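The values are calculated or read from the model by the stated rules, or taken from the named source; none is laboratory data. No experiment lies behind these values; they were computed from the predicted model shown. Cβ coordinates were reconstructed from backbone atoms using ideal geometry, including for glycine residues, and neighbour counts include every protein chain displayed. What goes into the accessible areas is simple: the full protein's heavy atoms, side chains included, and nothing from ligands, DNA or RNA. Shrake-Rupley method; radii C 1.70, N 1.55, O 1.52, S 1.80 Å.
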Amino acid sequence: MRAFRTFASYLGTLIAFGLAACDAESCVAVTEGYTICYNDADEEVPCCGPPGEKYACPPDAGDDADVDAGDDVDAGDDDGGPEAGSSSGCPDHAQCVSPGGGGFDHFPSFVWMGQETDQPPAPLADVAWESWVDVVFAEPVCPVCSCAAPPQGCLLPGSWDANSTACQDFSSPYVTPFDPPVGWDGSCTSSTKIPAGAVCDGMPCVRSLVVEPPVVAPCVPEPAMPPEGLPLPPPTRTKVIEYVSASLGTCGGFQVCIPKTPPGFRLCLVAHGLEAGLACPEAWSDRHTGWIEVEDKRSCSACSCGAPQDGFCEVRVKAYADEACGNERGSLVLPSTEGPKCVDLTSGTALESQTAEVLSAQAGTCVPSGGEIIGEPWTAAPVTFCCVPELVPPP
């Protein structure tokens, strides 16, 4: 897209120069957009005058040395930068500068550079091209992960099943869930109820109760981070807004007229892609390198903890036939180191409330992980700005 932009600007310049007709037959438009006159010795000498108007070629180089191209415009002495304070045949609203070339865009650009929070000047009447220069990515430092003991050493049993058969009956029972609420603290709850005399497949739904064991609570990872990890700080970077200058004709030999640099902008030569590694011309020595797109996609992976080792807990659970945990129907002591346990109940009894009590708890130890750099910085489309150094006021 940038190549198309440069070509379009260049093509417009050729058309503009082609319309700038010279007097008589000796001045013609040639490649690179320059209008050239030929003297009597068939030597090239530059034409002078604004585009779009007829103007005469200079007198023969042999007849008037004062206007000879070799005396009036010495390309060998040009340092490539703009001629400050000189228009050399440009309109009053224009300035005379040397074109780019040699890997740089053909015409200099008007460039604003500032922080993302700064207010840029009013936009110009052209396509704005944005990029980033002077980019510094943050040092990839992640927190050290650790594992702390949980506030509660036990996760209470969450699976309670009423069976239609006795504990010793190995036939397949009809199972009716009697689970407490999620996150239950063990206090009396009547969130799940099985009424007295409930029938399942022609037999009482309640004949025994099977309860899963408690689980040693997992460790708490520190520091706390989102599951997707912790992004690194954004890169420090300078925002660039660029407008390609338009040519208004030729001046001073092989130079071009462009509009005067708008307030708040700088004049820069621009190179892209492989050419972004070019050295800046002497008069355009303020160099800024970067990319069209810049993003730090690195992050610190979230801290996590392995399963608790050497932890232990034991609870006592009870089931009741009323909602107030007063009419006890069955009780079990469940250690975390054993499997589910079963208790026989009165056939057909109601189950309407339950409690759980932690008898002992010992937190386990956990191995931490996480806190590692994942991802990479991401950049695309290199760009270099070679600008005329800004004047620094004397102290």
Query raised in the report: To the nearest 20 debye, what charge dipole does region 306-346 have about its Cα centre, counting +1 at the Cβ of each Lys and Arg and -1 at the Cβ of each Asp and Glu?
Result: 40
Requested in this report: Would you work out what percent of the accessible area of region 134-290, with all protein chains in place, is carbon or sulfur (probe 1.4 Å)?
Outcome: 60
Query raised in the report: At q = 0.12, 0.14, 0.23 Å⁻¹, what log₁₀ I(q)/I(0) does a Debye calculation on the Cα points of region 159-271 give, no solvent, two decimals?
Result: -0.75, -0.84, -1.30
Query raised in the report: Packing-wise, with mean Cβ within 10 Å as the measure, how do 135-147, 107-119 rank, highest first?
Result: 107-119, 135-147
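Going by average Cβ neighbours within 10 Å, how do the peptides 365-376, 193-204, 93-104 rank, with the highest at the top?
Answer by packing, highest mean first, reads 93-104, 365-376, 193-204.
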**Report entry** Semi-axes of the equivalent ellipsoid for region 96-212, Cα gyration tensor, largest first, Å
**Finding:** 78, 21, 16
Report summary line: Result for region 324-393: accessible area per residue, probe 1.4 angstrom, in square angstrom, of 52
Report task. Give me the accessible area per residue for region 91-207, probe 1.4 Å, as a whole number in Å². Result -> 54
